[in-house]
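Quick notes on the structure that follows.
The values are calculated or read from the model by the stated rules, or taken from the named source; none is laboratory data. Small disclaimer: the values here were computed from a predicted structure and weren't measured. Here Cβ is always computed from backbone atoms with ideal geometry, including for glycine, and neighbour counts include all displayed protein chains. Each accessible area value is taken on the protein alone, full model and side chains, heavy atoms only, with ligands, DNA and RNA left out. Shrake-Rupley method; radii C 1.70, N 1.55, O 1.52, S 1.80 Å.
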Amino acid sequence: ATGDRFLVVSGPNAGGKSVCLKTVGLVQYMLQCGLLVPMEAHAHMGLFEKILVDVGDQQSIENDLSTYSSHLRNMKLFIEQADARSLVLLDELGSGTDPNFGGGIAQAVLTTLVAKGCWGVATTHYYNLKVLAGNTPGLVNGAMLFDTAKMQPLYQLEMGKPGSSFALEIAHNTGFPDEVLREAERVIGSEVAGLEKLMKRVADEQQQAAQKSRELAVREKELSEWQARYQKLSAELEAQKKQIINQAKSEASS
C-alpha cells in the first residue's frame with residue numbers, strides 16, 4: 001500500500017527470509033552501481049544515500065562482542081544515522097538474547113526507524129513484531145510461503161500477512177513425540193498457538209485456492225481449444241453448405 005516503507009518478513013526456518021532480505025540489498029546496490037537489475041517492467045526503484053545492513057553473526061572475542069552485542073551496536077548506529085533517504089536491512093531482528101526482552105527492544109527499534117521515515121526490510125520470528133507490522137502505518141507484513149502438505153518451503157514471498165514459523169508442524173514431521181508437542185503448545189500459550197494455527201489454515205486455504213486456480217486455467221484452456229475447433233468446423237460446414245446450395249442452383253438452372 002502507499003506509504004508502506006518497511007517490510008517485516010516472517011516464515012519458517014530455511015524458508016528464504018534472509019535470501020529475500022539479501023536480494024533486496026543486492027539489487028539496490030547493483031542499481032546504485034549503475035548495473036542493470038532484474039525487475040518487472042512496471043516496478044519503480046529509488047536511490048538511497050545510506051544502505052545500513054545488519055546481517056550475520058559479527059561476534060568478536062577481541063572486541064568483547066557477543067552476537068547480541070554486535071546487533072545492538074549496529075541498531076544503535078542505524079537509529080543515529082538513518083533517515084528518509086536510508087535503506088535499513090535487519091536480519092533476524094531481536095534474536096540472540098532473552099526473547100522476552102529481545103522482542104521488546106526489536107519493537108522499539110523498528111518503531112523508531114519507521115518514525116524516522118527510513119525504508120527497509122526486517123526478518124523475524126517474533127510474534128509481537130508480526131502484530132506491530134499489522135497495526136502500524138508504514139509497516140507491512142510479508143510471509144514466506146510454505147507447502148503444508150509436503151512440509152517444504154516454497155521460497156515465495158506474499159505481501160500483506162505474517163508467516164507462520166510452522167515450528168510445531170516441522171517438529172511433528174521430524175518424529176517428535178505427541179506428548180512433548182502438546183506440552184510445548186501448552187507452554188507457548190493459547191494466543192500465540194492460535195495465531196500460528198490461523199496462519200497455517202490461511203496458508204492451507206491459499207494453497208487449495210491456488211491449486212483450484214491452476215485446474216480452472218487448464219480447463220479454460222481446453223474449453224478455448226474446443227471452442228476454436230467448433231468455430232472452425234462450423235465455418236467449414238457453413239462453407240460446404242453454401243457450396244452445395246450454389247451447386248444445386250447451378251444444376252437446376254442448367
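Residues in the stretch 63-87 that are hydroxyl-bearing (S, T, Y) and open to solvent by 20 Å² or more (accessible area, probe 1.4 Å): 4 in all. The condition of being among the charged types (D, E, K, R) and at pLDDT 95 or above holds for only one of D98, D83, D147, that being D83. For the stretch 151-171, the condition holds for no residue, the condition being that it is assigned to a helix (DSSP H, G or I), surrounded by fewer than 11 Cβ atoms within 10 Å (Cβ to Cβ), modelled with pLDDT under 90 and at negative phi.
Here the stretch 6-52 is the region considered, the condition is being among the β-branched types (V, I, T) and surrounded by fewer than 19 Cβ atoms within 10 Å (Cβ to Cβ), and the residue that is nearest to E169 (Cα to Cα) is V19. Residue pairs whose Cβ atoms lie under 9 Å apart, separated by 6 or more positions or on different chains, with the first residue in the stretch 225-240 and among the hydrophobic types (A, V, I, L, M, F, W, C) and the second open to solvent by less than 90 Å² (accessible area, probe 1.4 Å), do not occur. If I ask for residues that are hydroxyl-bearing (S, T, Y) and either loosely packed, with under 10 Cβ neighbours inside 10 Å or not in a helix (DSSP H, G or I) (or both), which ones from the stretch 230-254 would you list? Result: S250, S253, S254.
Just to be sure before I move on: is E62 more than 26 Å from the chain's Cα centre (by Cα) and at pLDDT 90 or above in the structure I sent?
Numbers: more than 26 Å from the chain's Cα centre (by Cα): yes; at pLDDT 90 or above: no.
It is false that E62 is more than 26 Å from the chain's Cα centre (by Cα) and at pLDDT 90 or above.
The number of residues in the stretch 88-120 being open to solvent by less than 10 Å² (accessible area, probe 1.4 Å) and assigned to a strand (DSSP E or B) comes to 4. Between a first residue in the stretch 1-22 that is polar (S, T, N, Q) and a second residue that is surrounded by 17 or more Cβ atoms within 10 Å (Cβ to Cβ) and in a helix (DSSP H, G or I), which pairs have beta carbons less than 8 Å apart while being 6 or more apart in sequence or on different chains? Cβ pairs passing all conditions: S10/K17; S10/L129; S10/K130. Here D83 clears all of (1) within 22 Å of the chain's Cα centre (by Cα); (2) more than 22 Å from M159 (Cβ to Cβ) except the condition numbered (1). In the condition set (1) open to solvent by 60 Å² or more (accessible area, probe 1.4 Å); (2) modelled with pLDDT of 80 or more, L181 is compliant with all but (1).
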